[in-house]
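The values are calculated or read from the model by the stated rules, or taken from the named source; none is laboratory data. As the structure is a prediction and not an experimental result, all values here were calculated from the model. Neighbour counts run over all protein chains shown; Cβ positions are idealised from the backbone, glycine included. To get the accessible areas, we keep the full protein, side chains included, count just its heavy atoms, and leave off ligands, DNA and RNA. Shrake-Rupley method; radii C 1.70, N 1.55, O 1.52, S 1.80 Å.
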Amino acid sequence: MAARPTWQGHLKLSLVTCPVALYTATASNAHVSFHLINPETNNRIRMVPTDPDTGPIERSDLVKGYEVAKDEYVLFDDADFDKVKLETTRTICIDSFVDEDEIDRLYWDDPFYVVPEKGVGAEAFAVIRDAMKSAGKIAIGTLVLRGRERQLALEVRGKGLVAYSLRAHDEVRPAEDYFDDIPSVKADKDMVEIASRIIAQKETDFDPTDFKDRYDEALREMVKAKQKGGKSVVEAPEPDDTNVIDLMEALRNSLKGSATGAKPKKKAPAKKKPATRKTAA
């Protein structure tokens, strides 16, 4: 396996334990990325850690500090962090099982592939995996990952497992803080009926391969144009807001446009991909 594991340790269900590795299930390195350049010299800018009294300092010489008062810190080095030894530091402890729809989608976060280490642990992994598949439930566990103890949701996928880190309750802002100020408006029944017909005409199966990042593609085209000494501009006008007066007309015209256009094809069910589970409510 080419990728390096994000974490290595054990998966534990009651008294059954097996060695596993976690691999990040998503990739972001395919997108266009930029460096900071000094336009006067065309040199790439390097971020150098600097002490205000002594000047530049090597990153390897730095330690972490927790601010307890203004300009007062408690210092931690790697040895200090190693002294915090919870069971979940090296073990994914499965604590309970729930139905998938019991977990609000706001809490789903980063996905990881859970893979058994080669050797005797493969059989124990298969026992845990097949028992979970038979139960048809999502396993809830805990793990110390990237400096924090995180709750995980684990589900069976093929021969392996996928673990999603779950956001903590205090990380999710209450929807009421934003939705309570939305004015109470009773939508016109006829307009809702037309909008429902538009939705029905646009119904199709979800296929994540259909999505292309057009902004990223436009940036790549601009990079090519600049390499050739030219300029490339991609513009799209913002749509006008639909006011109450012409809302019905806009809906009717939308319905006509949908009817005259080709109806979306029904595709075979797309293979479920981890990244698609992270959705916003």
Note on GLU155: of the conditions (1) open to solvent by less than 50 Å² (accessible area, probe 1.4 Å); (2) at pLDDT below 95; (3) farther than 21 Å from GLU87 by Cα, unmet is (2)
- Does at least one position in region 189-200 carry a residue that is modelled with pLDDT under 95 and assigned to a loop (DSSP other than H, G, I, E, B)? no
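Let's see how each residue does on (1) part of a strand (DSSP E or B); (2) touching a Gly at 6+ places or on another chain (Cβ under 9 Å); (3) open to solvent by 100 Å² or more (accessible area, probe 1.4 Å):
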position: ALA3; (1), (2), (3): no, no, no
position: LEU22; (1), (2), (3): yes, yes, no
position: VAL32; (1), (2), (3): no, no, no
position: HIS35; (1), (2), (3): no, no, yes
position: MET47; (1), (2), (3): no, no, yes
position: GLU67; (1), (2), (3): yes, no, no
position: LEU75; (1), (2), (3): yes, yes, yes
position: LYS85; (1), (2), (3): no, no, yes
Residues of region 97-119 being open to solvent by 50 Å² or more (accessible area, probe 1.4 Å) and either touching a helix residue (DSSP H, G or I) at 6+ places or on another chain (Cβ under 9 Å) or in contact (Cβ under 8 Å) with a residue 40 or more places away in the chain (or both), in sequence order, are PHE97, GLU100, ASP104, ARG105, LEU106, TYR107, ASP110, TYR113, GLU117, GLY119
Restricting region 157-178 to residues that are outside any strand (DSSP E or B) and in contact with a helix residue (DSSP H, G or I) (Cβ under 7 Å, 6 or more places away or on another chain), the one nearest to ALA21 (Cα to Cα) turns out to be ARG167
Residues of region 62-77 being acidic (Asp, Glu) and under 33 Å from the mean Cα position of the chain (by Cα), in sequence order, are GLU67, ASP77
Filtering region 49-65 down to residues that are of a type in the set (Gly, Ala, Ser) and either in contact with a Gly (Cβ under 6 Å, 6 or more places away or on another chain) or open to solvent by 100 Å² or more (accessible area, probe 1.4 Å) (or both) yields SER60
Among the residues of region 177-195, are any open to solvent by less than 80 Å² (accessible area, probe 1.4 Å), closer than 17 Å to TRP7 by Cα and either among the basic types (Lys, Arg) or free of Cβ contacts under 8 Å to residues at least 12 places away in the same chain (or both)? no
Practice item. Would you be able to say whether some residue in region 87-96 is charged (D, E, K, R) and within 20 Å of ASP109 (Cβ to Cβ)? Key: yes
